[in-house]
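Chemist: First the structure, then my questions, so here it is.
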Amino acid sequence: MAFNVLIVDDSSSMRAVIKKIIKVSGFNVGCFLEAGDGEEALKVLEDEWVDLVLSDINMPNMNGMELISRMSENEMLRSIPVVMVTTEASDEKVTKSKKLGAVGYIKKPFLPEDIKITLSSIMGEEINDERDNDDEYETGDF
Amino acid sequence: MRETMTMNMKQAISNVLELMFFLPVQFVENECPVREWLPRSQVYTGATLGFSGPVSGSYYLLIPVAMAKEITANFLGLSEEEVNEAQESDTVKEALNMIGGHMLSLVDKPDGYQLGIPEIISEAGFDMNADTGKKENVIYIEAEGNHLAAGIILN
């Protein structure tokens, strides 16, 4: 089953790189959606079907932590798995994002394999189970 | 503190530029003003990134425009001819963002720090710390025969 991925980062270069890595990793992606900050991401999430979100934390207007917080408050959005892809990898940020519902954490700078391994772990369970196991995915980063 | 800061910054620069941008770097011991380290024969671009916390200040990265184009092409998997100025600026900002974030992850208590949003600075801004009396830690970098500079300015 193809799935739709939303990449949220204020750097268009970083969005392009993540997109390319996912493409060459052979995942069955239906479409890639992009947003430059949390506000834009919420608009995309209102309008489009999204199966997976990869989000930076440090962004203008609405950062990644606020985004997952807003998603967790929304019944329709809280089951969408979110992976943080960020330079900010302190224990506090990792723990907080996990509490808010993030299922993975990829620290920049990263290797393409870091994204591939994390997404394989999440997609293997989540996408194939048609979004019914909210609490059961795990990644090496947590 | 100064030595630790310098060591962390060098580690962050190496990790980011070599891992993400395939740019091997060497660090050069120097004491000269940044402006003298950067040859006048080359056009430079740069980015700055503020941070706040127990200690506040900003990071900066200065890089020749030609090299910014090269690392952008490497980063995006494009040819240099395909890279535009907006992509170059975005990549330089993202490189500094990763260096700054990596730096903060190396300090004793990273949770108390908050990164700002990176901004491009013009060549006129390269002398940003001149005569301000602020403490500055400069890292002199050589990469593929080019001179780069990075640094931390403490408020």
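Just so it is clear, none of the values below were taken in a lab; they were calculated from the coordinates. No experiment lies behind these values; they were computed from the predicted model shown. Don't worry about glycine lacking a Cβ; one is built from the backbone with ideal geometry, like all the others, and counts go over all protein chains shown.
Chemist: So what does log10 I(q)/I(0) come out to for the stretch B:27-118 at q = 0.16, 0.19, 0.20, 0.22 Å⁻¹, using the Debye formula with one equal point on every Cα and no solvent?
Modeler: After summing over all Cα pairs, the log10 values are -0.77, -0.97, -1.02, -1.09.
Chemist: Can you list the equivalent-ellipsoid semi-axes of the stretch A:1-132, largest first and in whole Å, using the square root of 5 times each Cα gyration tensor eigenvalue?
Modeler: Largest first, the stretch A:1-132 gives 19, 17, 15 Å.
Chemist: Identify, among B:67, A:112, B:83, the residue whose Cα sits farthest towards the positive end of the charge dipole of the protein assembly as shown, taking +1 on the Cβ of Lys and Arg and -1 on the Cβ of Asp and Glu, with the dipole about the Cα centre.
Modeler: B:67
Chemist: At what distance in angstrom do the alpha carbon centres of the stretch B:51-76 and the stretch A:1-47 lie from each other?
Modeler: 24 Å
Chemist: Using +1 on the beta carbon of Lys and Arg, -1 on that of Asp and Glu, and nothing else charged, what's the dipole of the stretch B:2-154 about the Cα centre, debye to 20?
Modeler: 500 debye
Chemist: Here's another thing I want to ask about it. If you keep only loop residues by DSSP, which trypsin sites (Lys or Arg not before Pro) in the stretch B:31-124 have at most 16 other Cβ atoms within 10 Å of their Cβ?
Modeler: Sparse-neighbourhood loop trypsin sites (Lys or Arg not before Pro): B:40.
Chemist: List the GluC sites (Glu not before Pro) within the stretch A:15-71 that DSSP assigns to loop and that have no more than 12 neighbouring Cβ atoms inside 10 Å.
Modeler: Answer in residue order: A:48.
Chemist: Across the stretch A:107-114, in residue order, what do the Karplus-derived ³J(HN,Hα) couplings come to in whole Hz, using 6.51 cos²θ - 1.76 cosθ + 1.60 with θ = phi - 60° and x for Gly and Pro?
Modeler: Using θ = phi - 60°, the values come out as 8, 7, x, 10, 9, x, 4, 4 Hz.
Chemist: Further, regarding this structure: Can you give the Rg to Rh ratio of the protein assembly as shown, both from alpha-carbon atoms, with Rh computed by the Kirkwood formula?
Modeler: Rg/Rh: 0.99.
Chemist: Treating only the Cβ atoms of Lys and Arg (+1) and Asp and Glu (-1) as charged, compute the dipole magnitude of the protein assembly as shown about its Cα centre; round to the nearest 20 debye.
Modeler: That gives the protein assembly as shown a dipole magnitude of about 720 debye.
Chemist: Give me, ordered by chain and number, the residues 5 or more places off residue A:106 or on other chains with an amide H under 5 Å from its own placed amide H.
Modeler: A:84, A:85, A:86
Chemist: Looking at the stretch B:14-72, which GluC sites (Glu not before Pro) are in a loop (DSSP not H, G, I, E or B) and have at most 14 other Cβ atoms within 10 Å?
Modeler: B:29, B:31
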